[in-house]
Amino acid sequence: MQDVEILIKGQIDTHWSEWLGGLEIAHIGQGQSRLGGSIADQAALYGILTKLRDLDMELIALNIKDGVHHA
């Protein structure tokens, strides 16, 4: 399991949480949303990122454990 935090541009409705691997969705101002929680592995992460892309959501930042990777 890995803890992840994904920051996206736009307000994604919280009902998408289950479809996005059960990640918790929070609206954080400036028209952004934060998705956070635990995922099984890198394959699950890529699946979530693909779904966000398919929803035309712009990735701002991705934090995996202690490392931060910016888009």
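Throughout, read-outs are computed from the coordinates displayed, never taken from laboratory work. All figures in this text were calculated on a predicted structure; none of them were measured in a lab.
Given the chain, what whole percent of its Cα pairs are spread farther than 16 Å? Mind showing how you got there, number by number?
Details: 982 of 2485 pairs.
Tail of P(r) above 16 Å: 40 percent of Cα pairs.
So what is the calculated 222 nm ellipticity per residue for the chain, using -39500 (n - 2.57) for each DSSP H run with n of 4 or more, over all residues, to the nearest 500 deg cm²/dmol?
Numbers: 1 runs with 13 residues, N = 71.
-6000 deg cm²/dmol, from helical runs alone.
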